[in-house]
Amino acid sequence: MAKPRKPGTVDDPALQAWISRQMDAAVNRLMRRGIVASVMVEAKPAWVLPGTLLIGKIRDRDRLVGFDWFICGDAPLSHIDSSLAATPREAARHFALQWHLDADRLGGAGADLAAKAGALYELVDQDVFWRQVAG
């Protein structure tokens with residue numbers, strides 16, 4: 001008999017499918033943007049808020065040092081070099097700040113981005129979401 005799976009947990013097939021879709025879409029868009037130059041890349045999720053946000057790592061297979069953090073899901077796809085953040089939480093903090101600055105430059109047109117930045121920053125401040133999460 002199959003063990004029941006709790007929705008929203010790592011072994012939830014729906015969550016795994018969502019993670020897979022987010023990863024595929026983000027990797028394809030980052031490749032089109034030229035963030036990675038090779039068709040052979042390594043990418044993996046580092047932190048997930050189920051069904052909402054995913055922070056991942058991506059690098060060219062021949063890149064010997066470092067990687068890029070990226071965020072996707074219900075957020076603008078953004079990326080930074082790993083030298084700017086050691087953990088997913090630090091990366092999220094950086095993305096929130098980056099979005100706030102971008103929203104300020106956009107003025108009234110950046111209201112949605114400012115709201116997402118504020119929500120992400122509030123999330124970063126809540127320890128419960130970041131327990132046992134390493135880079």
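Of the candidates Ala114, Ala91, the single residue that is in contact (Cβ under 8 Å) with a residue 12 or more places away in the chain, within 18 Å of the chain's Cα centre (by Cα) and within 22 Å of Arg33 (Cα to Cα) is Ala91. Of the residues making up segment 3-52, those that are at pLDDT below 85, on the phi < 0 side of the Ramachandran plot and not acidic (Asp, Glu) number 10. Scanning segment 18-58 for residues that are part of a helix (DSSP H, G or I), surrounded by fewer than 15 Cβ atoms within 10 Å (Cβ to Cβ) and of a type outside the set (D, E, K, R) yields Ser20, Ala25, Asn28. Hey, does segment 84-104 have a residue that's surrounded by fewer than 12 Cβ atoms within 10 Å (Cβ to Cβ) and hydroxyl-bearing (Ser, Thr, Tyr)? No; the residues of segment 84-104 include none that is surrounded by fewer than 12 Cβ atoms within 10 Å (Cβ to Cβ) and hydroxyl-bearing (Ser, Thr, Tyr). Between a first residue in segment 26-51 that is closer than 20 Å to Asp74 by Cβ and a second residue that is open to solvent by 50 Å² or more (accessible area, probe 1.4 Å) and in a helix (DSSP H, G or I), which pairs have beta carbons less than 8 Å apart while being 6 or more apart in sequence or on different chains? What qualifies is Trp47/Arg89; Leu49/Phe129. May I ask you to verify whether Leu106 is assigned to a helix (DSSP H, G or I), modelled with pLDDT under 95 and either touching a strand residue (DSSP E or B) at 6+ places or on another chain (Cβ under 7 Å) or among the basic types (Lys, Arg) (or both)? So Leu106 fails the test. Please determine whether any residue of segment 108-115 is open to solvent by less than 30 Å² (accessible area, probe 1.4 Å) and more than 25 Å from Asp24 (Cβ to Cβ). Yes, segment 108-115 has at least one match. For the condition at pLDDT below 95, touching a Ser or Thr at 6+ places or on another chain (Cβ under 6 Å) and open to solvent by 80 Å² or more (accessible area, probe 1.4 Å), Asp127 does not qualify. Determine whether Asp74 is acidic (Asp, Glu), under 18 Å from Lys116 (Cα atoms) and open to solvent by 30 Å² or more (accessible area, probe 1.4 Å). Yes; evaluated as a whole, the condition is true for this residue.
The values are calculated or read from the model by the stated rules, or taken from the named source; none is laboratory data. Since the structure is predicted, the reported quantities are computational estimates derived from the model, not experimental observations. Every residue, glycine among them, receives a Cβ derived from its backbone with ideal geometry; neighbour counts consider all protein chains shown. To get the accessible areas, we keep the full protein, side chains included, count just its heavy atoms, and leave off ligands, DNA and RNA. Shrake-Rupley method; radii C 1.70, N 1.55, O 1.52, S 1.80 Å.
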